[in-house]
């Protein structure tokens, strides 16, 4: 179970760290804990936030309030707060409409997933100008591997009418070199992208502080990040 914030030294508690270091210093769980404010009997606020985060990781869109409210310990009031926060953040500071020109920009959009204990395979749908249409967690895998099929990636891309895309996944171990399975799925995605006429920009492997790019390491044969003509 996640440690109770009240048992932590004052300077380590999420709310105090938010004040002293800003929101960028907090993990996703800690940010949700600040928003939720309190836990319930038998489930402290960090545990409640971790349960909520697992649910949100599996949601392709902002979940409806009734779905959020059904989570144990959330209820209508907290569900409304969470839904309002997600929508406000999407409107004001979301990545949608941002342009992807470099691997660094992909990393900036996915790096908050780096602290997860399991691998997340993430897809970015882009239009012809490489502006972000959507960012989704496609699958959640094991501690050291994620299982994904090209159809799961391209189903969302086709729905978004994407002209280009990039993918990324975290390595919880912190080791950034690709595995044989990483190479295999990258090759399969590239072949499918050629058939469907969707530009495959890059595949990033990332940790909390660094990333490794298939594009920059010469392992994607297609054209570079240049916008489709």
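Rule-based calculations on the coordinates, nothing more; no lab input. Note that the structure is predicted; figures quoted are calculated from it, not measured. Note that we place each Cβ from the backbone using ideal geometry, even for glycine, and neighbour counts take in every protein chain shown.
In the elastic network of the chain, a GNM with C-alpha springs shorter than 10 Å, the most mobile of 49, 84, 162 is 84. Axis of helix 45-57 versus longest Cα principal axis of the chain: the two differ by about 30°, to the nearest ten degrees.
Nearest 5 percent is fine: what portion of the DSSP beta bridges confined to the chain is antiparallel? Please report the intermediate quantities before stating the final value.
Details: 18 of 24 bridges.
Of all bridge pairs located within the chain, approximately 75 percent are antiparallel.
So if each residue of separation counts as 0.36 nm, and I subtract the Cα-Cα distance between residue 155 and residue 38, what length gain in nm does that give? The partial results should precede the final answer.
Values: separation 117, 0.36 × 117 = 42.12 nm, distance 3.84 nm.
38.3 nm is the gain from fully extending residue 155 to residue 38.
The label point for residue 76 and the one for residue 101, both projected 7 Å from the Cα toward the Cβ, are 4.9 nm apart. Where in segment 116-130 does the label zone of residue 192 land, with the point 7 angstrom along Cα→C-beta and an amide N cut-off under 16 Å? Inside the label zone: 121-126. Global dimensions of segment 5-92 from alpha-carbon coordinates: Rg and Dmax equal 13.0, 36 Å.
Can you give the helix-only mean residue ellipticity at 222 nm for the chain, where every DSSP H stretch with n ≥ 4 adds -39500 (n - 2.57) and the sum goes over all residues, rounded to the nearest 500 deg cm²/dmol?
Details: 8 runs with 89 residues, N = 229.
Counting only the DSSP helices, I get -12000 deg cm²/dmol.
Expressed in units of 2.2 N^0.38 Å, where N is the residue count, the Cα radius of gyration of segment 64-130 is 1.41. For a paramagnetic label modelled on residue 6 (point 7 Å from Cα along Cα→Cβ), amide N atoms under 19 Å away belong, within segment 44-73, to 44-50, 73. Of the two radii for the chain, the radius of gyration is 0.99 times the Kirkwood radius, both from the alpha carbons; that is the Rg over Rh value.
Label separation (residue 183 vs residue 84): 5.3 nm, computed from points 7 Å beyond Cα along the C-beta direction. Summed over all non-identical Cα pairs, the Kirkwood treatment of segment 103-213 gives a radius of 13.7 Å.
Please work out the Cα convex hull volume for segment 1-46 and give it in Å³ per residue. Walk me through the numbers on the way to the answer.
Details: hull volume 3.0 nm³, N = 46.
Once divided by residue count, the hull of segment 1-46 is 65 Å³.
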